[in-house]
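Engineer: Before we start, here is the structure in question, set down as C-alpha cells.
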Amino acid sequence: MVPDFLPPLTVIFVQFFLIYFFLTSMGFLLFRLDIPEVARLFRGVFNVYFQMVGFTSLVATAVFAASGRFGFTVEMLLLATAAITARARVLHCIDAQQVAWRMGDTAAMRRLRVIHWGVMLANMAILASVAGSMRHVL
C-alpha cells in the first residue's frame, strides 16, 4: 500500500523538471548558439532534461502502479518512454547541426533553432497535459 501523499508528490517532481527545462531553455533564445560554451551548455541542458524527466516518470510509473491507478501508470510510462527515446534522437540532431556549423554550413544554426523551438513546444504541451491531469491525481 502506497501512502496517499506519494502519487501527487511524484507528479510534482515530474512537473518540476518540465518547468525547470521551460525556464532554462528560454534563456537560450537570448544567446547565439554558435558560441562554443553556449553550445556545450545547450546540449547539456537537453541531455539532463531528458534523463531527469525519464527517471522521474519511471519512478512515478512505479508509484502509480503500486497504488493501483493504472490510467496514470500508463500516462507516466508513456512520458518516460518518450523522454528516453527522444533523448537519443534530439541529442544526435543537436550534435549533427553543431558539426555542420563547424564545417561551414550557415543554415545549421537555423535548423538548431528549429530543434530548440520544437522541443520547447513539446515540453509545454507535456507540461499542460501533466498539470491538467493533476486534479485527477488528488
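No value in this document is a laboratory result; all are computed from the given coordinates. Computed from a prediction, not measured in an experiment: that's the story for all the values here. Cβ: placed from backbone, ideal geometry, glycine included. Neighbour counts: every protein chain shown.
Engineer: State the number of residues belonging to region 83-114 that are within 19 Å of the chain's Cα centre (by Cα), farther than 18 Å from V45 by Cβ and of a type in the set (A, V, I, L, M, F, W, C).
Structural biologist: 0
Engineer: A follow-up question, please. Looking at F31, F22, which is the one that is of a type in the set (F, W, Y) and part of a helix (DSSP H, G or I)? Spell out how you get there, then give the answer.
Structural biologist: On the way: F31 fails: part of a helix (DSSP H, G or I).
Going through F31, F22 in turn, just one is of a type in the set (F, W, Y) and part of a helix (DSSP H, G or I): F22.
Engineer: Could you tell me whether M109 is touching an Asp or Glu at 6+ places or on another chain (Cβ under 9 Å) and either surrounded by 14 or more Cβ atoms within 10 Å (Cβ to Cβ) or of a type in the set (A, V, I, L, M) (or both)? Give the steps one after another, and end with the answer.
Structural biologist: Working: touching an Asp or Glu at 6+ places or on another chain (Cβ under 9 Å): yes; either surrounded by 14 or more Cβ atoms within 10 Å (Cβ to Cβ) or of a type in the set (A, V, I, L, M) (or both): yes.
In short, yes.
Engineer: Then there's this: Select, from L138, L77, L121, the only residue that is surrounded by 12 or more Cβ atoms within 10 Å (Cβ to Cβ) and out of contact with any strand residue (DSSP E or B) (no Cβ under 6 Å at 6 or more places or on another chain).
Structural biologist: Values: L138 fails: surrounded by 12 or more Cβ atoms within 10 Å (Cβ to Cβ); L121 fails: surrounded by 12 or more Cβ atoms within 10 Å (Cβ to Cβ).
Checking each option against the conditions leaves just L77.
Residues are listed down the side, and each one gets a yes or a no for (1) of a type in the set (F, W, Y); (2) in contact with a Cys (Cβ under 6 Å, 6 or more places away or on another chain); (3) within 17 Å of A131 (Cβ to Cβ):
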| position | (1), (2), (3) |
| --- | --- |
| F21 | yes, no, yes |
| D34 | no, no, no |
| A62 | no, no, no |
| A65 | no, no, no |
| G71 | no, no, yes |
| A86 | no, no, no |
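Engineer: Could I ask something else about it? Within region 56-76, can one find any residue that is among the aliphatic types (A, V, I, L, M) and within 22 Å of G118 (Cα to Cα)?
Structural biologist: As a first pass, look at region 56-76 and keep what is among the aliphatic types (A, V, I, L, M): 58-60, 62-63, 65-66, 74, 76.
Then drop every residue that is not within 22 Å of G118 (Cα to Cα), which leaves 76.
Yes, the conditions are met somewhere in region 56-76.
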